[in-house]
Amino acid sequence: MYSLSKKSKVVVKKEMTWSEKLYLPAIFQGLMITIRHFFKKKATLQYPEQKKEFAAVYRGKHILKRDEQGRENCTACGLCAVSCPAEAITIVAAERQKGEEHLYREEKYAASYEINMLRCIFCGLCEEACPKDAVYLTEELAPASFDRTDFIFGKDKLVQPLGTSAHPKTYKPYKK
Amino acid sequence: MAKVTIDGVEIEVEDGTTILNAARKAGGDIVPPAMCYYSKLKGSGGKCRTCLVKVSAGSAKDPRPMPKLVASCSTPVQDGMVVQNITSPEVLEARKGVVEFLLINHPLDCPICDQAGECHLQDLAFEHGRAKTRYEEERRTFDRIDIGDKIQLHMTRCILCYRCVFTCDQITDKRVHGVLNRGDAAEIGTYIQKAVENDFSGNVIDVCPVGALTDKTFRFKSRVWFVKPMDAQRDCTKCCGKTIVWMYGNEIFRVTARKNKYDEVIDWICNDCRFEKKNVSDWNIEGPTKIERHSVISHNKYQIGTKVNAPKKIGYGNITN
Ligand code: SF4
Ligand code: SF4
Ligand code: SF4
Ligand code: FES
């Protein structure tokens with residue numbers, strides 16, 4: 001057969017020597033490798049007591065930002081939804097009424113904003129598309145669950161809680 | 001008949017045709033953009049200056065170039081005329097300036113605006129404008145006005161192209177809609193905010209190149225790129241009944257008139273068809289509308305055998321000067 005990778009080796013069945021037939025040197029060699037690993041740095045972490053540092057560009061669960069005055073930034077423009085390759089975002093817009101100026105920054109706001117976390121591939125394109133600085137991917141992990149409906153994150157889970165820090169990457173709820 | 005050369009393309013047209021229409025007859029990239037000219041509206045054109053072209057030879061008899069750039073929508077051709085549009089850097093530079101002027105008072109609220117995605121100013125700015133604004137002063141602002149209960153006027157977004165004014169002049173005998181005040185303070189107005197009471201008043205929404213006049217029944221309902229346009233018709237006693245219905249699932253979100261290649265309404269439609277008939281059972285749906293535009297509006301849409309070319313970026317992203 002023609003080798004595509006040209007990396008294959010022809011295997012020859014050789015008669016074993018007397019010392020090889022004893023197997024002891026080989027067992028000893030294997031044990032040495034195992035013992036050496038006892039003294040090496042461990043690859044595992046004692047989660048959840050210990051936590052791993054995230055890379056600076058780590059992309060986790062989304063957050064919908066508020067501005068300095070606590071108003072929601074999102075204006076339901078739909079650009080995140082149109083840029084999402086996984087079609088995970090669904091938005092329903094509504095018009096801001098008189099007296100709601102302290103809640104929403106723009107004339108129009110997202111009455112419902114849902115991200116399907118089972119569809120989301122955490123690519124961050126929504127973050128890049130947003131013209132209003134509203135959606136960001138935080139360092140928080142999207143939690144696991146047994147129920148599919150739990151993965152549809154609505155505004156209750158996405159909007160930044162009032163009074164938390166303004167910068168997206170410094171928003172780390174589990175480190176509070 | 002007059003023979004003209006536009007960007008090297010030779011074409012023969014009737015005497016008295018404008019340069020813009022001659023270019024449209026030739027088609028392709030050489031057609032200058034137009035924000036105020038509307039072939040269906042008599043007297044339109046000459047307001048916005050986006051259609052500027054350079055005439056490098058006036059005519060066969062007098063081949064001197066015209067001293068300044070001319071508005072192609074209102075300059076008739078002459079036999080032997082040589083016109084430069086995209087081949088002239090001067091024209092592209094001037095157009096960039098025009099875009100900048102059009103955007104001076106524009107609120108740039110595309111994320112909120114219902115026209116976004118099918119807005120001519122957006123397309124124009126994307127293809128010809130600068131990436132950054134140099135304007136630092138306060139922009140003029142106006143309050144939102146209701147023209148009747150179905151049409152919303154956002155004067156802040158208006159570019160004063162006068163298309164809506166000509167439309168109203170054409171559909172009524174009385175003067176009900178016009179431009180008040182002058183210069184910076186100029187604004188579109190109906191006589192003391194009176195409703196334009198006419199069966200065809202909704203057409204001002206379609207002619208408006210920007211989001212200044214929008215459909216209140218569609219206000220904030222969806223974005224144009226999430227709704228699917230479908231050719232539809234019904235038996236209407238007032239108008240032709242041929243429309244485009246914009247559907248989301250099995251719901252009709254809005255109804256607009258059918259438009260040609262240059263986004264000009266083919267046949268006016270009445271307010272009944274536009275605002276009242278929002279049930280699928282009211283319409284005879286023919287099939288998906290062919291979308292030729294290159295912007296986000298063609299996202300997820302059907303195309304019948306046409307290739308959509310990405311826009312040529314002329315000067316976009318040039319922020320050095
Ligand atoms: S991160 Fe990517 S996949 Fe997830 S919602 Fe945003 S755009 Fe869609
Ligand atoms: S999150 Fe940003 S991109 Fe998405 S709808 Fe809101 S403002 Fe638009
Ligand atoms: S409202 Fe629209 S159609 Fe009327 S002048 Fe302004 S931009 Fe033109
Ligand atoms: S289209 Fe010619 S001046 Fe506006």
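The values are calculated or read from the model by the stated rules, or taken from the named source; none is laboratory data. The model shown is predicted, which means the values in this text are computed figures rather than measured ones. When we count neighbours, we look across all protein chains shown, and the Cβ atoms used for this are built from the backbone with ideal geometry, even at glycine. Each accessible area value is taken on the protein alone, full model and side chains, heavy atoms only, with ligands, DNA and RNA left out. Shrake-Rupley method; radii C 1.70, N 1.55, O 1.52, S 1.80 Å.
What to note about this one:
- Estimated distance in nm for a label pair at B:Asp79 and A:Gln69, the labels positioned 7 Å out from Cα along Cα-to-Cβ: 6.7
- With Cα atoms as the point set, the radius of gyration and Dmax of chain B evaluate to 20.2, 62 Å.
- Centroid-to-centroid separation of region B:251-276 and region B:207-250 [C-alpha atoms, Å]: 6
- Dividing the summed -39500 (n - 2.57) terms of all DSSP H runs of n ≥ 4 by the residue count of the protein assembly as shown sets its mean residue ellipticity at 222 nm at -4500 deg cm²/dmol.
- Sites listed here are GluC sites (Glu not before Pro) in region B:123-165 whose DSSP assignment is loop and whose Cβ has at most 16 other Cβ atoms within 10 Å: B:Glu136, B:Glu137, B:Glu138.
- Area projected by the alpha carbon convex hull of the protein assembly as shown, averaged over all directions, nm²: 39.1
- Residues in region B:54-62 carry Karplus couplings, in order, of 9, 9, 8, 8, x, 6, 5, 6, 10 Hz; the curve used is 6.51 cos²θ - 1.76 cosθ + 1.60 with θ = phi - 60°, and Gly or Pro positions show x.
- Shielding of B:222-235 by partner chains, average beta-carbon count, 10 Å: 2
- A simple spin-label model places the labels of A:Thr44 and B:Asn250 5.5 nm from each other, with each point 7 Å out along Cα-to-Cβ.
- Cysteine residues of chain A whose C-beta has no other cysteine C-beta under 4.7 angstrom: A:Cys74, A:Cys77, A:Cys84, A:Cys120, A:Cys123, A:Cys130.
- Accessible surface of B:Ser56, taken over heavy atoms with a 1.4 Å probe and every protein chain present, rounds to 40 Å².
- Only protein heavy atoms count here; under a 1.4 Å probe, B:Asp235 has an accessible surface of about 150 Å².
- Among the GluC sites (Glu not before Pro) in region B:196-282, those located in a DSSP loop and surrounded by at most 14 other Cβ atoms within 10 Å of their own Cβ are B:Glu197.
- Among A:Phe153, A:Phe54, A:Phe28, the largest mean-square fluctuation in a Gaussian network model of chain A, built with springs joining Cα atoms closer than 10 Å, belongs to A:Phe28.
- Qualifying trypsin sites (Lys or Arg not before Pro) in region A:70-114, DSSP loop, other Cβ atoms within 10 Å at most 10: A:Lys98
- Dipole magnitude of region A:62-170, debye to nearest 20 (Cβ charges: Lys/Arg +1, Asp/Glu -1, about Cα centre): 60
- Take each residue in A:74-82, count the other chain C-beta atoms within 10 Å of its C-beta, and the mean is 5.
- Region B:1-146: relative contact order as a whole-number percent, Cα under 8 Å and 6+ apart: 23
- Calculated FRET efficiency for the pair B:Asp15/A:Arg119, C-beta based, R₀ 60 Å, to 0.05: 0.50
- Distance between region B:34-48 and region B:72-136 - C-alpha centres, whole angstrom: 15
- Computed over protein heavy atoms with a 1.4 angstrom probe, the accessible surface ordering of A:Ile35, B:Ile112, A:Ile91, largest first, is A:Ile35, A:Ile91, B:Ile112.
- Label-to-label distance, B:Ala185 versus A:Trp18, with points set 7 angstrom from Cα along the beta-carbon direction: 11.6 nm.
- Most to least accessible of B:Asp149, B:Asp199 (protein chains only, probe 1.4 Å): B:Asp149, B:Asp199
- Placing R0 at 30 angstrom, the Cβ-Cβ distance between B:Lys68 and B:Lys261 gives a FRET efficiency of 0.55 after rounding to 0.05.
- Solvent-accessible area per residue for region A:62-170 (1.4 angstrom probe, square angstrom): 51
- Sorting A:Tyr23, A:Tyr58 on solvent-accessible area from highest to lowest, probe radius 1.4 Å, gives A:Tyr23, A:Tyr58.
- Rg and Dmax, both from the Cα atoms of chain A and both in Å, are 26.8, 93.
- Where chymotrypsin sites (Phe, Trp or Tyr not before Pro) in DSSP loops with at most 13 other Cβ within 10 Å are excluded, longest remaining stretch of chain B: B:136-301
- Across region B:27-102, C-alpha contacts under 8 Å between residues 6 or more apart give a mean separation that, scaled by the residue count, equals a relative contact order of 30 percent.
- Net charge of neighbours whose Cβ lies under 12 Å from the Cβ of B:Asn279, counting Lys and Arg as +1 and Asp and Glu as -1: 0
- Delta accessible area of at least 30 Å² on complex formation, residues of region B:82-115, 1.4 Å probe, chain isolated as reference: B:Pro111, B:Ile112
- Where A meets B: accessible area buried, both sides, 1.4 Å probe, Å²: 1100
- Nonpolar atom fraction for region B:108-148, defined as the carbon and sulfur part of the 1.4 Å probe accessible area, stands at 46 percent.
- Within region B:1-24, backbone nitrogen closer than 11 Å to the virtual label 7 Å beyond the Cα of B:Ala60 toward Cβ: B:1-4
- If you plug the beta carbon distance of A:Ile33 and A:Glu53 into 1/(1 + (r/R0)^6) with R0 = 25 Å, you get a FRET efficiency near 0.30.
- Taking chain A and dividing mean pair separation by its residue count, relative contact order in percent (alpha carbons under 8 Å, at least six apart): 24
- Only protein atoms count toward the accessible area here, which uses a 1.4 Å probe; on region A:62-170, the carbon and sulfur part of that area reaches 51 percent.
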